[in-house]
1. Considering A:205, A:271, A:244, A:264, which residue is over 21 Å from residue A:171 (Cβ atoms), outside any strand (DSSP E or B), modelled with pLDDT of 90 or more and of a type outside the set (Gly, Ala, Ser)?
2. Within the stretch A:373-406, which residues are touching a Ser or Thr at 6+ places or on another chain (Cβ under 7 Å) and among the basic types (Lys, Arg)?
3. Being among the small types (Gly, Ala, Ser), under 18 Å from the mean Cα position of the chain (by Cα) and under 17 Å from residue A:5 (Cα atoms) narrows it down to one residue among B:116, B:159, B:150, B:136; which is it?
4. If you check B:17, B:44, B:37, B:84, which single one turns out to be under 29 Å from residue A:9 (Cβ atoms) and at pLDDT 90 or above?
5. Would it be correct to say that residue B:37 is closer than 22 Å to residue A:32 by Cβ, out of contact with any Leu (no Cβ under 7 Å at 6 or more places or on another chain), in the same structural domain as residue B:19 (by TED's automatic domain parsing) and crowded, with 21+ Cβ neighbours inside 10 Å?
6. I need every pair where a residue in the stretch A:77-99 that is in a strand (DSSP E or B) has its Cβ under 6 Å from the Cβ of a residue that is basic (Lys, Arg) and surrounded by fewer than 21 Cβ atoms within 10 Å (Cβ to Cβ), sequence separation at least 6 or different chains.
7. So residue A:48 passes all but one of these: (1) within 10 Å of chain B (Cβ to nearest Cβ); (2) modelled with pLDDT under 80. Which condition number does it fail?
8. Restricting to the stretch A:187-202, name every residue that is free of Cβ contacts under 8 Å to residues at least 40 places away in the same chain and not in a loop (DSSP other than H, G, I, E, B).
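The values are calculated or read from the model by the stated rules, or taken from the named source; none is laboratory data. In this text, all values refer to a predicted model and were calculated from it rather than measured experimentally. We place every Cβ from the backbone using ideal geometry, glycine too, and count neighbours over all the protein chains shown.
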Amino acid sequence: MIEDRLKETLDRVAGGGPDEAGGFDRFLRHRRASRSRRLAGATALVLVAALVSAVVLPRLLADTAQRRLVVTGAAGPERWLDGPLVAVAPLQGFEVKVPAGWEASATWKGIELRPTSPGLRRHLAAPVQLVTGLLEQFYNPAPNAGKDGTYDDLDDREVLPGALTRRPEGHQSRGSFPGGTRWFRTDLRAGPWRTTQWHISWPYRCEPGVPCPAVPLALRTLKVVYQVDADTDAAAEVDGLAGRLLRTARPIANAAKGQAHAPRPDCADGRSMVLKRASDDMLDYPGLSTVAHFWWWARTTANLVPCTVRGPLGVELLDGSGRRLDVQGNGRTVTQVAELPEAMTAPTEPGRMELRLRWFNWCDFGGPTWMRWIGAPGPGTAFPVTAPRCVDRSKPSRLMVDHILR
Amino acid sequence: MDAEVTGAELQFREFFAAEYGRLRGLGYLLTSDWGQAEELAQDALVRTYRAWPRVRGHERPGAYARKVLVNRHRSLLRRAKVEARHLAGRRAEEAVQPELGTDGLVLWSAVRGLPARQRAVLVLRYHEDLPEAEVARLLGLPLGTVKSLAHRGLARLRAELGSPAMEEIRGNLE
């Protein structure tokens with residue numbers, strides 16, 4: 001049997017080794033060496049732990065302090081991050097440290113902050129806002145810094161063309177932070193609540209080769225807005241935070257010399273842009289006008305990021321059955337229409353976008369004419385329009401972009 | 001307490017004396033290298049010593065040391081296949097055991113030529129007299145795999161013993 005022969009051979013081989021003498025001494029040496037290795041391993045672990053505590057941990061903590069909250073101007077779920085962290089808003093051109101005890105969240109306009117302590121949060125009507133925007137000349141903290149004043153103090157020569165001047169609400173004050181940064185502040189009391197706005201001048205540097213936005217850039221400010229229970233300690237604490245934010249904010253991107261601007265997001269109607277459209281009211285004067293006009297208007301909503309009106313925007317002329325009229329340029333659209341800057345707080349500021357189209361010389365009197373806005377939000381509803389008068393039957397009817405004002 | 005420690009120490013020395021040779025032999029059957037066998041046995045005994053307060057109450061503390069040795073051998077095989085190949089090369093140079101006789105030497109030569117798992121199964125099954133289930137547990141293999149390895153190992157030994165190569169070895173020895 002192979003099994004029996006195998007067992008016998010294996011047993012003999014296993015028993016035929018070198019002398020076993022000294023085996024236990026070798027065991028003792030082996031055991032000592034093993035202990036030494038384990039001790040060395042433990043020592044190494046201790047050293048690694050010490051290294052982690054001495055070097056890596058502080059770096060990790062430092063990294064924690066350098067955690068970033070980036071404002072992209074895009075929609076997203078509300079997400080609060082505990083301080084300390086750095087909030088970065090390249091589209092608004094600022095970077096600011098959010099201290100411990102506060103948490104921050106990115107918004108369309110910039111950042112919001114709220115205290116982590118529920119006790120303190122109770123005394124704030126809403127989160128503290130930190131945003132940039134264009135200020136009415138009246139408030140401009142730069143030329144009027146250090147002076148308390150009212151509307152009457154304003155020097156007419158300081159009013160820039162196109163800027164609004166209106167009486168601010170509440171008490172105004174002006175001053176300087178240590179270091180010389182000048183601020184302008186308004187406080188409006190309503191019941192227990194005090195609404196406070198702080199402004200400091202915030203630069204805007206145009207990119208080389210790119211036209212500057214047609215707005216009074218000298219009036220750009222960094223602003224903190226909050227509503228706090230005025231008769232509590234919370235008021236002083238939030239005032240302190242506001243001052244700290246404005247004192248320590250750092251200009252970046254479009255606010256920093258030599259830095260590239262962040263790519264602008266597309267404007268969205270109702271979110272970052274107000275989009276309107278209109279046509280001549282020709283129904284009252286049928287057949288009298290030689291030209292029909294169609295307008296698109298857009299402007300950024302207050303204190304939002306600069307954005308690009310991407311389009312396409314246009315007009316489509318239709319007959320009574322929904323077919324396109326035989327008009328040259330009918331249905332043509334315009335894309336990348338305008339770069340809208342940050343808006344002012346009032347609705348009539350410069351820098352809006354206007355796109356005008358003209359339709360003329362319609363000599364086909366076969367039936368009613370309709371139009372539809374291309375690029376308008378919502379369903380593309382058609383509206384009846386009165387066609388322009390026929391001027392020259394030998395020439396085609398044309399729809400053309402008359403001008404784009406950006 | 002000291003008396004207890006001393007007692008445990010003495011008990012381990014007795015255990016060492018009883019098991020050292022057996023473990024070293026098992027190590028040699030698995031590796032064909034007395035140096036490596038010694039290392040495996042010492043390592044198994046040091047680890048057993050560390051666990052001695054727990055192990056000495058076992059019915060067969062030797063089984064614990066054997067398991068440590070087999071695990072260690074498996075680990076070495078996994079971790080150092082290159083070294084194992086190198087060692088395999090060294091094995092051919094080792095002196096054979098004259099007291100095995102011609103057939104024994106031929107059979108041992110055939111065992112050394114087996115793949116590692118087949119060889120380990122046969123050593124544990126026929127040298128250590130372990131049931132197949134225990135061999136399977138020690139090697140971390142399914143029982144069916146152990147049966148298959150044992151069957152194929154024995155079949156290969158039978159074939160090798162009748163092969164021209166073995167006849168040549170036999171001829172050289174005689």
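1. A:244
2. Within the stretch A:373-406, just A:389 meets the criteria.
3. Residue meeting the stated conditions: B:150.
4. One residue alone meets the criteria, B:44.
5. yes
6. Listed pairs, sorted by first residue: A:85/A:67; A:86/A:68; A:86/A:97; A:88/A:68; A:95/A:250.
7. (1)
8. Within the stretch A:187-202, the first condition is being free of Cβ contacts under 8 Å to residues at least 40 places away in the same chain, and the residues that meet it are A:187-188, A:190-192, A:195, A:197.
A:187, A:188, A:190, A:195, A:197 - these are the residues of the stretch A:187-202 that are free of Cβ contacts under 8 Å to residues at least 40 places away in the same chain and not in a loop (DSSP other than H, G, I, E, B).
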